[in-house]
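These notes concern the structure reproduced below.
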Amino acid sequence: MTSQRHFDLIVIGSGPGGYVGAIRAAQLGLKVACIDRDKLGGVCLNWGCIPSKALLHGAEVYDEAVNHGKDWGITIGEVKVDWGSFIGRSRKITEQLNGGVGYLFKKNNIEHIQGHAHIVSGNNGVTPCVVEVKTPTGDYYNGDGGEVYETVTADRVLIATGAKPRELPFAPCDGKTILNSSHAMTLEERPESLVIIGSGAIGMEFAYVYNAFGTNVTIIEMLDRIVPLEDEDISKLAQRAFKKQGMTIHTSASVNAIETNESGATVSFTKNEKETSVDAQKVLVAIGVGPRCDGLFDDSLGMELHRGYIKTDAKDVDSPTYKTSVSGIFAIGDIIGPPLLAHVASEEAVTCVERIAGHHTFGLDYKSIPGCTYTNPQIASIGMTEQQVKDSGTEYTKGEYSLKAHGKAISVGAADGVVKILASKPYGEILGAHIIGHDASELIAEIGLAIRLEATVEDIISTMHAHPTMAESIHEAALGTENRMIHN
């Protein structure tokens with residue numbers, strides 16, 4: 001069947017970049033269609049950000065009750081975990097959110113087209129962008145699409161196809177023993193032992209979940225510290241905390257081979273120039289993600305890529321429109337490269353469609369993007385690390401406040417952690433903040449707002465913070481930049 005339905009904007013991908021961009025475009029009066037090869041919500045709502053937080057919270061509840069109940073005078077008897085129900089709850093949440101996105105599409109008169117999008121041509125000023133819709137093929141992350149069942153056109157196309165898990169070239173994921181993050185989220189049984197390759201946010205979050213329930217977790221990280229994108233001091237504290245929880249951590253270690261067998265797998269790796277190995281029932285490969293654009297472009301399109309990601313003007317000009325090398329085609333989110341974060345994709349999408357519609361928008365400040373790891377303790381950061389400040393040659397001061405002296409943290413049994421604020425001299429411009437501890441992912445928003453408003457540490461100091469709250473730790477760290485800390 002051939003159709004020539006025409007839209008002002010076609011969005012390809014319905015993750016936190018795609019669906020947010022589609023809704024904002026519709027709010028601005030554009031006629032919008034959104035094409036997705038699978039469930040609405042993309043990786044974030046289905047296999048990433050949201051269901052993983054359900055698993056993390058469940059693990060935290062279990063850990064607090066079973067492993068730390070005696071600290072609160074609570075004696076726990078025999079505890080049984082219904083693993084199927086534990087996993088099932090996270091899947092029900094995704095179904096709820098799928099339906100929520102669908103409702104928002106209907107509310108905003110957005111046409112949802114399910115299928116694999118294949119861009120045939122851009123807008124040359126005479127003819128519009130042409131997109132073929134094919135039957136999906138392959139698995140959730142991969143597939144070039146099958147037969148064309150519809151052709152649609154648009155004045156503009158916004159690509160928001162996101163990213164997919166990277167694999168080891170010598171040991172591809174099989175979904176049974178060698179897993180990616182999606183597999184790890186839906187295991188029918190909890191493994192007794194698990195090797196995790198990579199210690200970024202994804203790897204450490206799964207490490208926390210499985211370790212909390214009693215799985216013997218071993219982490220292998222190629223770099224010299226875990227959560228290597230974080231401030232070095234935070235990485236050290238994180239490693240200490242997770243080792244205390246019972247995880248085995250190998251840093252500066254490179255994996256050489258993964259051999260599967262009847263009982264699981266043997267992972268061979270080199271550390272300190274010595275080769276060693278570890279056996280486990282399951283192996284999770286969490287070495288990051290890469291661009292997801294299989295079968296997206298016609299060979300004649302000539303889309304310019306950079307290291308596999310779609311090249312846009314995002315980092316080249318002060319007020320980017322997120323245009324690609326092909327006229328009429330724009331791209332946002334993970335598909336255009338780091339930082340690979342859902343909230344970045346959402347904000348890029350809003351900025352893109354507002355500028356397409358001719359509206360003024362402040363856009364993104366790529367120097368102050370918050371990043372969070374939702375383990376226990378949580379990790380959150382924004383702006384420059386201390387090493388980056390040193391490398392920039394900026395004269396700075398820092399306030400580093402330990403939660404061991406913090407009333408609210410002590411009262412809730414979460415006194416392990418630090419809040420660290422970096423500020424320039426002599427005016428106190430906030431250069432960065434780094435937190436490990438209870439509610440870190442919530443606390444970081446105050447610093448984000450402060451940076452956006454060009455506030456100084458003095459502005460934070462002069463802002464009254466309620467007592468007792470974790471937010472007071474931000475106030476104390478700000479005081480610390482002026483050697484005025486009260487409780488440390």
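None of the figures in this text is laboratory data; all of them are computed from the coordinates on show. For clarity, every value in this text was computed on a predicted model and none was experimentally measured. Here the Cβ is made from the backbone with ideal geometry for all residues, glycine too, and neighbour counts use every protein chain on show.
The convex hull of the Cα atoms of segment 371-480, projected and averaged over all directions, covers 6.3 nm². Summarising the label geometry, the points placed 7 Å from Cα in the beta-carbon direction at K176 and L305 lie 3.1 nm from one another. When only alpha carbons are used to place a centre, segment 31-93 and segment 297-318 end up 36 Å from one another.
Only DSSP H runs of four or more residues enter the estimate; each adds -39500 (n - 2.57), and after division by the residues of the chain the mean residue ellipticity at 222 nm equals -8500 deg cm²/dmol. Which angle from 0 to 90°, rounded to the nearest 10, does the C-alpha axis of helix 342-356 make with the longest principal axis of the chain? So the inclination is approximately 40 degrees. Our summary gives the chain a relative contact order of 14 percent, counting only alpha carbon pairs under 8 angstrom and 6 or more residues apart. Label-to-label distance for E458 and R91 is 5.8 nm, based on points extended 7 Å past Cα in the beta-carbon direction. With neighbours defined as other Cβ atoms within 10 Å of a residue's Cβ, the residues E348, E446 order from fewest to most as E446, E348. In terms of other Cβ atoms within 10 Å, K31, K367, K274 run from fewest to most in the order K274, K367, K31. N142 sits among other residues whose Cβ lies under 9 Å from its own Cβ, and their net charge, with Lys and Arg +1 and Asp and Glu -1, is -1. Shown for W83, W72: other C-beta atoms within 10 Å of each C-beta, ranked fewest to most, produce the order W72, W83. Between segment 411-488 and segment 99-177, what is the separation of their alpha carbon centroids in Å? Taking the Cα centre of segment 99-177 as reference, the centre of segment 411-488 is 42 Å away.
With q set to 0.06, 0.11 Å⁻¹, the log10 of I(q)/I(0) for the chain, from the Debye formula over equal scatterers at the Cα positions, is -0.30, -1.02.
By the Cβ rule of 4.7 Å, the chain holds the following cysteines without a possible disulfide partner: C34, C129, C173, C293, C352, C372. Net charge in the neighbourhood of Y322 (other residues with Cβ under 14 Å of its Cβ; Lys, Arg +1, Asp, Glu -1) is -2.
Taking the Cα centre of segment 371-480 as reference, the dipole from Cβ charges on Lys and Arg (+1) and Asp and Glu (-1) amounts to some 180 debye. Expressed as an acute angle from 0 to 90° and rounded to the nearest 10, what is the orientation of the C-alpha long axis of helix 49-62 relative to the principal long axis of the chain? Orientation of helix 49-62: about 20 degrees from the principal axis. Charge dipole (Cα centre; +1 on Lys/Arg Cβ, -1 on Asp/Glu Cβ; no other charges) of the chain amounts to roughly 500 debye.
Candidates G448, S411, S424 compared by Cα position along the dipole of segment 371-480: farthest toward the positive end lies S411, with charges placed on Cβ.
So, counting K/R as plus one and D/E as minus one, what does the shell of residues with Cβ under 13 Å around P468 add up to? Taking every Cβ under 13 Å from that of P468, the sum is -2.
The angle between the Cα long axis of helix 18-27 and the main principal axis of the chain comes to about 60°, on a 0 to 90 degree scale.
Of the GluC sites (Glu not before Pro) in segment 1-104, the ones in a loop by DSSP (not H, G, I, E or B) with at most 13 other beta carbons within 10 Å are E78.
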